[in-house]
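Heads up: the structure comes next, in structure tokens.
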């Protein structure tokens, strides 16, 4: 007889809230660890087709660090959908304008790009300052410097 594979039900999935202080953390390394938590890969009940991950709050997004010459060389590109609507923006300019978007884009690149990925990225809350409106959820401080 073949043993059955355990698939967690929605009743068994408990989602926690974590808060990460992004001050002086390297962008890519931090985004990788955040993506792992959002996907639920840090739990033993990880299932690729279920949302088993936790919520992550990132504060001090404007104080995140990048290595090398990425501030001037890294370019974000998108198209507005209108004729001649191709836009380019450097990382340095985007950090001044919307620092929370830099972290969101870095994490989005590390999770699947389908319906479940859209649900997973909605559990990421990023704020440029050191305050957030999610105190009622009692978030657990998560130190990514030691990992």
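The values are calculated or read from the model by the stated rules, or taken from the named source; none is laboratory data. All figures in this text were calculated on a predicted structure; none of them were measured in a lab. Cβ atoms come from the backbone with ideal geometry, glycine included; neighbour counts cover every protein chain shown.
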**Request:** For region 83-109, name all the residues that are surrounded by fewer than 16 Cβ atoms within 10 Å (Cβ to Cβ) and in a loop (DSSP other than H, G, I, E, B).
**Result:** 83, 84, 85, 109
**Message:** Out of the residues in region 110-147 meeting the condition of being in contact with a helix residue (DSSP H, G or I) (Cβ under 8 Å, 6 or more places away or on another chain) and either exposed (fewer than 11 other Cβ atoms within 10 Å of the Cβ) or over 22 Å from residue 50 (Cα atoms) (or both), tell me which one is modelled with the lowest pLDDT.
**Reply:** 147
**Asked** Would a scan of region 57-67 turn up a residue that is touching a strand residue (DSSP E or B) at 6+ places or on another chain (Cβ under 7 Å) and exposed (fewer than 12 other Cβ atoms within 10 Å of the Cβ)?
**Response** yes
**Request:** Only residues that are more than 15 Å from the chain's Cα centre (by Cα), touching a residue at least 40 places away in the same chain (Cβ under 8 Å) and in a loop (DSSP other than H, G, I, E, B): list them for region 53-82, please.
**Result:** 66, 67
**Request:** Taking only region 21-51 into account, find how many residues are within 25 Å of residue 135 (Cβ to Cβ), assigned to a loop (DSSP other than H, G, I, E, B) and touching a helix residue (DSSP H, G or I) at 6+ places or on another chain (Cβ under 8 Å).
**Result:** 5
